[in-house]
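Student: One structure follows; several queries about it will come next.
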Amino acid sequence: MCPHLERLADLLCCDWEFLPTVYLGLPLGASPVAGSIWNPLISRMQARLEGWKGKFLSFGGRLVLIKSVMASQPTYMCSLFRAPAHIVQAIERLQSSFLWSGANDQKKFHLVSWERCKRPKSLGGLGIPDFRRHNSALLAKWWWKVASEDSWWKRLMSVKYPNNESKWMPGKPLSPVGCSPWSQVFKMKDEFWKFAIVKPGSGDNISFWNDRWIHGTTLVDAFPRGAAAAVLPRARLSDILLRVNESFSWDIEFKYQLRGGAERERESLFSFINSNLPLLSSDQDMISWLPTSSHSFTVRSLYQQLSKEAVACLLTAGQIDDFPVKTVWQNHIPSKICMFVWLTFHRRILTQDALKRKGWSLPNRCSLCIANEEEPNHLFLHCRFTEEVWSIISHFVYFDHRIIRRDISDLIKSWPLLDPQNPKDWCTRSFLHALLWCVWIERNNRIFAEKFSSPSVVSFKIGSLIASWLVAAGKIDKSCGEDWIHNLRRALLPRSFL
Ligand SMILES: [Zn+2]
């Protein structure tokens, strides 16, 4: 320890502390790989995702809260540190438990894998942000800052992590001591430069071989034998691209005669750079971010690019089918009911056959008809009780029976969306959700409360539910909704209900 530390601190008007410590809310001097520095973040997320909120929020509310906590809590910490795998797992476990169980004291089945929940809604997921990808996009921001800003901070980085080959990026940290945040950021180099280029102006600050002035690659990576044989491996673009009158030529010298494969590589190199000929000017060279129209980096744009890559991998592996996102997720229908239709599409609702597969011992008998085993296709399509409901209510909601399929997922996939301006079509759009939900509630009432309703009463409930959604969304006016419910009541309910 410095012998005059206290005196120096007085002179500089500051305090002194031992490392590791906390500076501006972030751990200083501690290894980000150690789980302990992440404990405050996990505790904060736990506090937001537990307690009364879990008990009283609907599934849709819990989903919104998970996304909101994800967008706010980890941002500060994850902008500087890369979370180790066990921390990512702990955070995802926390989110997953909150989503499916609500509160800690209620253990429930996690009906859909977390990987699927993280997919975009358009691909059959719930659109929950991926923590690892979010962390990567936040870290990559440092690459943008270091390449686009001319600040003391950037100069300090250039001195501490020198890079003789490029002016646009600091070098690799060589010592593991005192540089762990930059080591973590350095790992994001390839992800960042995949979507960024150095846009040539004068070409004076661009390394011909080592900078990405052509999208997708550096020349040293694309033509390694040519780069190894170059007389000037650190030549600037402006040294190599020469203007002769109105045309350009390349002044590249090699240390020896290239033969065989190296010669063919040389020919490919010239063909490649001629097809990507830059127009040099007196402007400054500058970095350009390709995914945004402003060509400025945003964390969101990189997150989206990384997500697209992940989706492309799933598509290549054939793990994604068409998903009817516009049918399942409709803004005017409560999210818990959209969620139920989402689960039904993925065949993840807890019908008796699903419970048996999960190890429950129970006699499987459909509670609506007491004749067949309960499984989703039977419950929603082929059960004689449900068939009667379909038949009664279809007349009132302008629904064409011929669309009904043998499989519930196929039915959801082929459900007509029609014209959003037409109130009758809004009715059809809402019908599927209302029917599945009311049949499910009737099934639960019979099993758990021993309450039984007739197909006519269930049909009335379906019609009333649709009317309430359309009135709340302003698709029909209140008096029209009341008239409709009145007519349904007269047509469907026995006199004792009137
Ligand atoms: Zn049945």
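The values are calculated or read from the model by the stated rules, or taken from the named source; none is laboratory data. Note that the coordinates shown come from a computational prediction; the quantities given were computed from them, not determined experimentally. Positions of Cβ are backbone-derived with ideal geometry, glycine not excepted, and every protein chain shown enters the neighbour counts.
Student: Considering only residues of the range 370-380 that are touching an Asp or Glu at 6+ places or on another chain (Cβ under 8 Å) and under 30 Å from Cys427 (Cβ atoms), which is nearest to the ligand (Cβ to nearest atom)? Explain how you work it out, then say what you get.
Tutor: Taking the range 370-380 and keeping what is touching an Asp or Glu at 6+ places or on another chain (Cβ under 8 Å), we get 373-375, 377.
So of that shortlist, the ones also under 30 Å from Cys427 (Cβ atoms) come out as 374-375, 377.
On the way: Glu374: 7, Glu375: 10, Asn377: 11 Å.
Ranking the candidates gives Glu374 first.
Student: Name the helices (runs of 4 or more DSSP H) wholly within the range 66-167 that hold at least 1 residues that are touching a Leu at 6+ places or on another chain (Cβ under 9 Å)? Break it down stepwise before answering.
Tutor: On the way: elements: 75-78, 85-101, 114-117, 131-148, 152-160.
In the range 66-167, 75-78, 85-101, 114-117, 131-148 are the helices (runs of 4 or more DSSP H) which contain 1 or more residues that are touching a Leu at 6+ places or on another chain (Cβ under 9 Å).
Student: Condition (residue is in contact with a strand residue (DSSP E or B) (Cβ under 8 Å, 6 or more places away or on another chain) and closer than 26 Å to Trp142 by Cα) applied to the range 226-233: is it met by at least one residue? Spell out how you get there, then give the answer.
Tutor: If we filter the range 226-233 for residues that are in contact with a strand residue (DSSP E or B) (Cβ under 8 Å, 6 or more places away or on another chain), which is where we start, we get 226, 229-231.
Now drop any that are not closer than 26 Å to Trp142 by Cα, which leaves none.
Within the range 226-233, not a single residue is in contact with a strand residue (DSSP E or B) (Cβ under 8 Å, 6 or more places away or on another chain) and closer than 26 Å to Trp142 by Cα.
Student: Starting from the range 259-274, take each residue that is exposed (fewer than 12 other Cβ atoms within 10 Å of the Cβ) and list its partners that are in a helix (DSSP H, G or I), counting only C-beta distances under 9 angstrom and pairs at least six apart or across chains.
Tutor: Between residues of the range 259-274 that are exposed (fewer than 12 other Cβ atoms within 10 Å of the Cβ) and residues that are in a helix (DSSP H, G or I), the close pairs are Gly261/Arg225.
Student: Among (1) over 23 Å from His215 (Cα atoms); (2) of a type in the set (A, V, I, L, M); (3) surrounded by 13 or more Cβ atoms within 10 Å (Cβ to Cβ), there is one condition Val244 misses while meeting the rest; what is its number?
Tutor: (3)
Student: Same structure, new question: Do we have any residue at all in the range 282-297 that's touching a residue at least 24 places away in the same chain (Cβ under 8 Å) and over 22 Å from Lys145 (Cα atoms)?
Tutor: Yes, because at least one residue in the range 282-297 is touching a residue at least 24 places away in the same chain (Cβ under 8 Å) and over 22 Å from Lys145 (Cα atoms).
Student: Pick out the one residue from Ser361, Ser367, Ser391 that is surrounded by fewer than 20 Cβ atoms within 10 Å (Cβ to Cβ), assigned to a loop (DSSP other than H, G, I, E, B) and either within 16 Å of the ligand (Cβ to nearest atom) or outside the structural domain of Val457 (by TED's automatic domain parsing) (or both). Step through it out loud before you land on a result.
Tutor: Working: Ser361 fails: either within 16 Å of the ligand (Cβ to nearest atom) or outside the structural domain of Val457 (by TED's automatic domain parsing) (or both); Ser391 fails: assigned to a loop (DSSP other than H, G, I, E, B).
Testing whether each residue is surrounded by fewer than 20 Cβ atoms within 10 Å (Cβ to Cβ), assigned to a loop (DSSP other than H, G, I, E, B) and either within 16 Å of the ligand (Cβ to nearest atom) or outside the structural domain of Val457 (by TED's automatic domain parsing) (or both) leaves just Ser367.
Student: Here are Val198, Val159, Val244, Val185: which of them is in contact with a strand residue (DSSP E or B) (Cβ under 7 Å, 6 or more places away or on another chain) and not polar (S, T, N, Q)? Full working, then the answer.
Tutor: Numbers: Val159 fails: in contact with a strand residue (DSSP E or B) (Cβ under 7 Å, 6 or more places away or on another chain); Val244 fails: in contact with a strand residue (DSSP E or B) (Cβ under 7 Å, 6 or more places away or on another chain); Val185 fails: in contact with a strand residue (DSSP E or B) (Cβ under 7 Å, 6 or more places away or on another chain).
So the residue among Val198, Val159, Val244, Val185 that is in contact with a strand residue (DSSP E or B) (Cβ under 7 Å, 6 or more places away or on another chain) and not polar (S, T, N, Q) is Val198.
Student: Which condition breaks for Ile333 when tested against (1) out of contact with any His (no Cβ under 7 Å at 6 or more places or on another chain); (2) in a loop (DSSP other than H, G, I, E, B)?
Tutor: (1)
Student: Still on this structure, please answer the following. Say we look at the range 172-182 and pick out the residues that are among the small types (Gly, Ala, Ser) and surrounded by fewer than 16 Cβ atoms within 10 Å (Cβ to Cβ); which of these is modelled with the lowest pLDDT? Even if it seems obvious, please write down each step before you answer.
Tutor: Of the range 172-182, the ones among the small types (Gly, Ala, Ser) are 175, 178, 180.
Next cut, surrounded by fewer than 16 Cβ atoms within 10 Å (Cβ to Cβ) only: 175, 178.
Numbers: Ser175: 64, Gly178: 50.
Only one residue tops the list, namely Gly178.
Student: Quickly run through the range 445-488 and pick out the residues that are of a type in the set (D, E, K, R) and either out of contact with any Cys (no Cβ under 9 Å at 6 or more places or on another chain) or at pLDDT below 90 (or both). Give the derivation first.
Tutor: Our first condition is that a residue be of a type in the set (D, E, K, R); within the range 445-488, this holds for 446, 450-451, 461, 475, 477-478, 482-483.
The answer is Arg446, Glu450, Lys451, Lys475, Asp477, Lys478, Glu482, Asp483.
Student: Same structure again: In the range 125-146, is there at least one residue being in contact with a Phe, Trp or Tyr (Cβ under 6 Å, 6 or more places away or on another chain) and under 30 Å from Leu350 (Cβ atoms)?
Tutor: Checking the range 125-146: not a single residue is in contact with a Phe, Trp or Tyr (Cβ under 6 Å, 6 or more places away or on another chain) and under 30 Å from Leu350 (Cβ atoms).
Student: Here is a follow-up. Only residues that are closer than 15 Å to Trp143 by Cβ, of a type in the set (A, V, I, L, M, F, W, C) and outside any loop (DSSP other than H, G, I, E, B): list them for the range 281-311, please.
Tutor: Met286, Ile287, Trp289, Val299, Leu302, Leu306
Student: Sticking with this structure for a sec: Out of the residues in the range 186-222 that are over 30 Å from the mean Cα position of the chain (by Cα) and of a type in the set (Ser, Thr, Tyr), which is farthest from Pro233 (Cα to Cα)?
Tutor: Taking the range 186-222 as the starting set, the residues that turn out to be over 30 Å from the mean Cα position of the chain (by Cα) are 200-211, 219-222.
Going one step further and asking which of them are of a type in the set (Ser, Thr, Tyr), we end up with 202, 207.
Values: Ser202: 19, Ser207: 9 Å.
Here the residue is Ser202.
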